[in-house]
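Only one structure is covered here, and it is reproduced in the block below.
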Amino acid sequence: MSTVTTGRTLDARGNPVPGTGFELDSDGWLADRVRERTGPVTSHPTRPVWGIPLESSDDTIRTLSVFGPGYGGPPEHYHEQSPERFEVERGSLTMTLDGTDREVTAGETATVETGVTHTFENHTDERTVVTTHIRSPGRLRQVLPTLGGLAHDADGAPENPLQQALIADRLDGNTVFTRQERLEPLSNLLTPVAELAGYQGAYAKYTQPSFWERHVEQPDL
């Protein structure tokens, strides 16, 4: 059995950045799960989180998510049309549902219905592996890759208010970030300005395997 490192961020020359990936045993259960992937591994360049696409359908996105120790989770949000299911395979995930914390451990499942505000974190010093199911994803198919892609792209501006306003507009009717909801009047003013400035709510290039293969080390199994 050998240890393989994968998922590292690649620099401009295509070299892996130390400390940005995760390890797995080539003959272990996680390697077997990674071999089921239907596309490239995605990540965030500064946060311990990786996404491994699994066989999905027109109605559901399935992803094997790897959350490293201390992963802080996404901003609090709720879905208006996309219920989610989290199946914890290894480790432990702290889910905050409508303000109440719930610890979900290996072998357990948590379902987040529409309208429930939520986020999740890995408070432990161990890796957590979760299979996530997003039903009726709608525009999330394009926006989720954009959120990670902007962070990897030297030309991206994920923290720019104009960019954030257009992402929120693109998700209108599906997903609402509670922080953005409080800023909705401002976002409505910024949206036409952002469009004139050339920003988009989602970018097709971030859905292309070639983008992720240039920015994230892929498994050699």
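Taking the options R47, R33, name whichever one is under 16 Å from the mean Cα position of the chain (by Cα), closer than 29 Å to P209 by Cα and at pLDDT 95 or above. Going through R47, R33 in turn, the sole match is R47. The conditions of being open to solvent by 30 Å² or more (accessible area, probe 1.4 Å), of a type in the set (A, V, I, L, M, F, W, C) and either assigned to a loop (DSSP other than H, G, I, E, B) or touching a Cys at 6+ places or on another chain (Cβ under 6 Å) (or both) are not met by V193. Looking at Q218, Q142, just one residue is surrounded by fewer than 21 Cβ atoms within 10 Å (Cβ to Cβ) and either out of contact with any Ser or Thr (no Cβ under 8 Å at 6 or more places or on another chain) or more than 30 Å from S92 (Cβ to Cβ) (or both), and that residue is Q142.
The residue that is nearest to T207 (Cα to Cα), counting only those in segment 32-52 that are in contact with a Phe, Trp or Tyr (Cβ under 8 Å, 6 or more places away or on another chain) and not in a loop (DSSP other than H, G, I, E, B), is T42.
For L147, the test of being within 23 Å of S43 (Cα to Cα) and open to solvent by 20 Å² or more (accessible area, probe 1.4 Å) is passed. Residues of segment 157-180 that are of a type in the set (K, R) and farther than 16 Å from G198 by Cα: R179 alone. Looking across T119, T111, one residue alone is in a strand (DSSP E or B), of a type outside the set (D, E, K, R) and open to solvent by 40 Å² or more (accessible area, probe 1.4 Å). It is T111. Determine whether T131 is part of a strand (DSSP E or B), touching a residue at least 60 places away in the same chain (Cβ under 8 Å), under 24 Å from F177 (Cβ atoms) and among the polar types (S, T, N, Q). The answer is yes for T131. Of all residues in segment 13-31, which are in a loop (DSSP other than H, G, I, E, B) and either open to solvent by less than 30 Å² (accessible area, probe 1.4 Å) or free of Cβ contacts under 8 Å to residues at least 40 places away in the same chain (or both)? If the condition is that a residue be in a loop (DSSP other than H, G, I, E, B) and either open to solvent by less than 30 Å² (accessible area, probe 1.4 Å) or free of Cβ contacts under 8 Å to residues at least 40 places away in the same chain (or both), then R13, N15, V17, P18, G19, T20, G21, S26, D27, G28 are the ones that fit. Restricting attention to segment 177-221, the residues that are farther than 30 Å from S26 by Cα, modelled with pLDDT of 90 or more and touching a strand residue (DSSP E or B) at 6+ places or on another chain (Cβ under 8 Å) add up to 0. Are any of the residues in segment 32-47 over 19 Å from V129 (Cα atoms), surrounded by fewer than 17 Cβ atoms within 10 Å (Cβ to Cβ) and charged (D, E, K, R)? Scanning segment 32-47 turns up no residue that is over 19 Å from V129 (Cα atoms), surrounded by fewer than 17 Cβ atoms within 10 Å (Cβ to Cβ) and charged (D, E, K, R). For H123, the conditions (1) under 15 Å from the mean Cα position of the chain (by Cα); (2) touching a residue at least 24 places away in the same chain (Cβ under 8 Å) all hold with the exception of (1). Taken together, the criteria place T60 among residues that are of a type in the set (S, T, Y), farther than 19 Å from V49 by Cα, open to solvent by less than 60 Å² (accessible area, probe 1.4 Å) and out of contact with any Pro (no Cβ under 7 Å at 6 or more places or on another chain).
The values are calculated or read from the model by the stated rules, or taken from the named source; none is laboratory data. None of the values given here were measured: they were computed from a predicted structure. As a convention, Cβ positions derive from the backbone with ideal geometry for all residues, glycine included, and neighbour counts pool all protein chains shown. Side chains included, ligands, DNA and RNA excluded: accessible areas come from the protein's heavy atoms. Shrake-Rupley method; radii C 1.70, N 1.55, O 1.52, S 1.80 Å.
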